[in-house]
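Structure, as structure tokens:
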Amino acid sequence: MIARISWLDVRLGLRMLVRHPALTIVGGLGMAVAIAISVGFFSFTEAYVYPDIPLPEGDRIVALENRDLVSNNEERRSLHDFVTWREELRTVQDLAAFRTVRRNLITGDAPPLLVPVAEMTAAGFEVARVPPLFGRYLVEGDERPGAPDVVVIGYDVWQTRFLGDPNVLGRTIRLGAGVHTIVGVMPADFRFPENHQYWVPLRARASEFERREGPALYIFGRLAPGASLARAQAELDAIGQRTSAEFPLTHAQLRPMAMPYVHSLGDIQGIGFWPVLQMNLMMSLLLVVIALNVAVLVYARTAARHREIAVRSALGASRGRVVLQLFVEALVLSLIAAAAGLGLAQATMQLGIGILDMEFDVGMPFWMDFGLRPETIVFTLGLAVLAAVIVGVLPALQATGPRLQATLREGTGASMKLGRTWALLIVMQVAIAVAMLPAALHMGWNEIRRAATSTIYPDDEYLYANVRPEEIPDVVVVEDEADAAPDNEEFGRDIAALMRRLEAEPAVTGVSFQASLQDRSHLIRVEGVEPPVESPMGHGVDAIGMHPGLLELYGARVLAGRTLTMADADENANAVVVNATFVHRVLGDAEPIGRRIRHVSSEERAGETPVGPPQWFQIVGVVEDLERNPADPEAVRPLVAYPVSAEQAGYASVIMRLRGMAPADFAPRLRELTAAVDPTLRLGTVRSLADRNRQQQLAAQLVGLAVGLVLLVVLLLSAAGIYAMMSFTVTQRRREIGIRSALGAEPATVLRSIFARSALHIGAGVLLGVGMALLLERMSGGEMMGGMGVVLLPLLALLMTITGILAAVGPARRGLKIQPTEALKADT
């Protein structure tokens, strides 16, 4: 078929797009959005789940890890297992391990910079098989205790920190408390094992730890020649069974697993080819549904061309030739939609990269490539052809079937019929819209209202940065960072000293910090107040530890009682401050001062008996909300602020207000002051509160945009489908309407007969959609619509009904204007 396509076919296809602008815009927009969603998901899975690792034989690099079968989570404290695997495995060679730590980089007069450092065994470079640009990389001797501290740096570090100095070997840099000698420089774009630019030897020894203790490690290696991942797993299973028998207390519930290298680092274990293929097929079904809707419109347009098709067939055009022409017309439309969808997908992914980048400890992994790849283009073209087949070929086959032959034989205006299939499609389209759009609207509204939240203070004047002691390694993701934070009095003294230095800076008008403490749940119980029905365990709040003075730094007014003081930070004190929303939503505007609250313990949340009596806190003050949301006041959450001193904090988010200086300009000075207090203090990303808030709103805006596009496409396609059906009906009944008008039928009677079919389809679709929505709401336990079904379902039903009526108005008015004589002449 493709070989017979001519330039004339393409020109005719372009001409049809111009002649039918409504179909072009509505159908093209619908397919573009569907293709954008499908292509975006495909590109993400290709880059995230099955990427091409840009290393020699990168597909042979695998990861090994223990999996806890009870918790269904990885166990990375596997130092003893790493030693065993390295000695016994034959299917995996050059077994290596690494962990990521963050250290302050101090070189010369440059400001200190917190950088991710890979503590890695020397075999890691053997796995990568990329020789250094010059010098050497790590060797086994560097791992021995007492060996000189050495570091290998990346090309970008060499260029930016050392200005490409060819004599950089032998120079020293300070990483935290240690001074390291540079022994090698890696070539450009080398960022193995994840996205690193600094490599130091891993010196953890198994003899120093018990099993399932020690550092959390990522373990990886290369498949031996001729070995497969399945064989490696079989060998690991044999070793794992023996280890479980020898050490049942620690390894009975562990199973060693071999997997593609990126699956371990991306925490996507267990995702195979078929599940990914099924997910891609499910995303592509959206295009199929939309293409079927567009096919209705195209079929209606094709029906209006039945005389043209009949004439072409009479002149010798084969059915295949006619079908080919209609396919090309659809292909031109789908290719334009595919190009627009591909561009939309790429633009959206670029916006999302910033969000995704925050999910990784060291930035985006080196193997992730969200650019335009050949397989993405091929996939997009495949979607375009699929859409063209549905939009063009299916209506064409229907249009050139037996009815066409009847038209030729009878030489009359015998016309094509819409058919039950197309009518059913209209009903299902309305039903699916009514059933699924409430959930989308609920999710979109939640994100949009969250994005409308703003602060009461000028957030562009505030700078913040997370500060942590060096001892906490950034290798394990924890649910609550407070759980990983040790009681560090030295760290507290460092924070206090840093705050004093900052207060002495002319550009700083105030400084404070916030932190979290253990056993401060976001669920609380209030003495004498029953928890809400939707959350029987307790009231949901934002529980934040604040250094006394932070509320004043924000400029929050005290509405009742008093604010927090340093005396409240004593371990035996129990004072807390709440915001106005807490008083309104939790206490029902009752008197707050003197009320007692307690946090729901982790044992209670797990359904277990709490250990020891609960600790009660007393409300001593109420402050105004730090945020406002005019669009939806419910988006502002209740706040409980409890006092914390520098000595009690295991980590801190230091917040300062600046005067006469942009936050970005003060960042280097903040790093200098932090290093002067203690070079081992890890100062995280420094940015303004305005930047942080914009980052948090970006995801909500993207979700809102996606929901808005889907809603627009659904409404447009529904309206266009009903419009096409009505237009087709009016065209099909042109002779009948003319005769009825000639016989004196009232316009209202003719109008009712025209609207009857549209009303039947819309009503059936609305009723079916409401039933489906209620069933889904029940199956989801009320989560799908968030308890807003009473509002959303009637709203969607009304919206779809109005859409259908408006879509039917144009064809109905056209039907009333049919002159009897013209209708009779046209069909003779």
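State the extension gain, in nm to one decimal, for the chain segment bounded by R90 and L372, taking 0.36 nm per residue of separation less the distance between their alpha-carbons.
Working it through step by step, the gained length comes to 97.7 nm.
V150's amide H: which non-local residues (gap 5+, or another chain) put their own amide H closer than 5 Å, with H modeled 1.01 Å from N in plane and none for Pro or chain starts?
Placed amide hydrogens put T181 under 5 Å from V150.
Taking 7 Å along the Cα-to-C-beta vector as the label spot, tell me the T509-A110 distance in nanometres, rounded to one decimal.
3.5
In whole angstrom, and with the biggest value first, how far do the Cα coordinates of the range 617-659 range along each principal axis?
Result, largest extent first: 40, 35, 18 Å.
Apply 1/(1 + (r/R0)^6) to the Cβ-Cβ distance of Q615 and I805, taking R0 = 60 Å, and write down the FRET efficiency to the nearest 0.05.
0.45
Percent of alpha carbon pairs in the range 92-197 separated by more than 16 Å?
56
What is the gain in length, in nm to one decimal, between D542 and I456 on full extension, counting 0.36 nm per residue of separation less the C-alpha to C-alpha distance?
Fully extending the segment from D542 to I456 adds 29.3 nm.
Could you tell me the largest-minus-smallest coordinate of the C-alpha atoms of the range 185-246 on each of the three principal axes, in descending order and whole angstroms?
Here the spans come out as 46, 36, 15 Å, largest first.
Given R₀ = 45 Å, what would the calculated FRET efficiency be for R19 paired with L795, taking r from the Cβ atoms and rounding to 0.05?
Efficiency at R0 = 45 Å is approximately 0.80.
What is the spin-label model distance, in nm, from L169 to R11 if the labels are put 7 Å beyond Cα along the C-beta direction?
Each label point lies 7 Å from its Cα, and together they span 6.9 nm.
Output needed for the range 489-564: three equivalent-ellipsoid semi-axes, defined as square roots of 5 times the C-alpha gyration tensor eigenvalues, in descending order, whole Å.
33, 17, 9
Need one number: nm distance between label points at R129 and A339, each 7 Å from Cα along Cα→Cβ, rounded to one decimal.
4.1
At 1.4 Å probe size, with no ligands or nucleic acids counted, give the accessible surface of I336 in Å², nearest ten.
Here the accessible area works out near 90 Å².
Let a ≥ b ≥ c be the square roots of the eigenvalues of the Cα gyration tensor of the range 547-601; is it rounded (a/c under 1.5), or, if not, prolate (a/b larger than b/c) or oblate?
It comes out oblate by the Cα gyration axes.
How much length, in nm to one decimal, is gained on full extension between E534 and A206, taken as 0.36 nm per residue of separation minus their Cα-Cα distance?
Taking 0.36 nm per residue and subtracting the Cα distance, the gain is 113.2 nm.
The values are calculated or read from the model by the stated rules, or taken from the named source; none is laboratory data. Computed from a prediction, not measured in an experiment: that's the story for all the values here. When we count neighbours, we look across all protein chains shown, and the Cβ atoms used for this are built from the backbone with ideal geometry, even at glycine. Heads up: the accessible areas ignore ligands, DNA and RNA and are worked out on the full protein's heavy atoms, side chains in. Shrake-Rupley method; radii C 1.70, N 1.55, O 1.52, S 1.80 Å.
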